[in-house]
Amino acid sequence: MNNIKNKNALITGASKGIGRAISIELAKHGVNIAINYNKSKKEAEEISKELINEYNVKSIILKGDVSNKDDCRLIVQESIATFGNLDILVNNAGIIDDNLLIRMSDEAWDRVLRTNLDSIFYCTKPAIKSMLKNKWGRILNIGSVVGIRGNIGQANYSSSKAGMMGFTKSLAKEVATRNITVNTITPGYINTETVNVLKQEQKDNIMKWIPQGHFGEVEDIAFLAGFLCSEKAKYITGQVISVDGGMAI
């Protein structure tokens, strides 16, 4: 997939987990990477150095809270100012703040929706201008299987990820003639910090929902992300693709 060599990407929430894995996968194919982080500066610096030293690409780190629309615009602007243009945007950053709806606070609802859903509007809008100018682009949103099937205690999170799917399909239609694709990957339960902190009893219950009988790895998401961002996926747009061991079946 070296057809994306020297392309420029911004990945939100890229210092850890799935975002980090996608950064590495794209860098392997020669893509320059802007790594957005909010609190994990050390981890962002480490992955940026790894990309530069191991894969000989350009990489910068950009602090920004994607729940803040001004931060969203700023990290896109700084990416373009550094690289000259932006070809790939991966809207990966997200949070959870779980509770039953009857107990869910207004702030828990607002914060999750701002971070997970509003952010893709505020990041994508300025990014798409650069892509339209160059008549090439890839928008990739990282959703969740619970946006498809829902989950107890996650009305806010599920709503944010379901909204992401509608955003994907609508924007895909708007930019399809300009050689820009827009897709969403919906991971299931992946071995990340979020999953690793669960109690064994919780993990055992979750496993009953997964036909393959095990959690996924961040690389399972990254491999698909690399393909969807490549020229080989030029005829795939507006799609929601599950990587979940069969949970969405």
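The values are calculated or read from the model by the stated rules, or taken from the named source; none is laboratory data. Predicted model only: the values in this text are computed from it and were never measured. Note that we place each Cβ from the backbone using ideal geometry, even for glycine, and neighbour counts take in every protein chain shown.
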Give the residue, chosen from D97, D87, D110, D106, that is in contact with a strand residue (DSSP E or B) (Cβ under 7 Å, 6 or more places away or on another chain), surrounded by fewer than 24 Cβ atoms within 10 Å (Cβ to Cβ) and either under 17 Å from G147 (Cβ atoms) or at pLDDT 95 or above (or both).
-> D87
Would you pick out the residues in the range 1-38 that are in contact with a strand residue (DSSP E or B) (Cβ under 7 Å, 6 or more places away or on another chain), part of a helix (DSSP H, G or I) and within 19 Å of G137 (Cα to Cα)?
-> G19, I22, S23, L26, A27
Single match in K5, K28 (criterion: more than 23 Å from I190 (Cβ to Cβ) and in contact with a Gly (Cβ under 9 Å, 6 or more places away or on another chain)) = K5
Tally time: how many residues in the range 175-224 are more than 29 Å from L86 (Cα to Cα) and part of a helix (DSSP H, G or I)?
-> 12
How many residues does the range 165-190 hold that are under 16 Å from the mean Cα position of the chain (by Cα) and free of Cβ contacts under 8 Å to residues at least 40 places away in the same chain?
-> 1
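Could you tell me which of the residues A222, A248 is modelled with pLDDT of 95 or more and of a type in the set (A, V, I, L, M)?
Residue meeting the stated conditions: A222.
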Take the range 154-189 and flag every residue that is over 18 Å from S242 (Cβ atoms) and either of a type outside the set (G, A, S) or modelled with pLDDT under 95 (or both).
-> N156, L171, K173, E174, V175, T177, R178, N179, I180
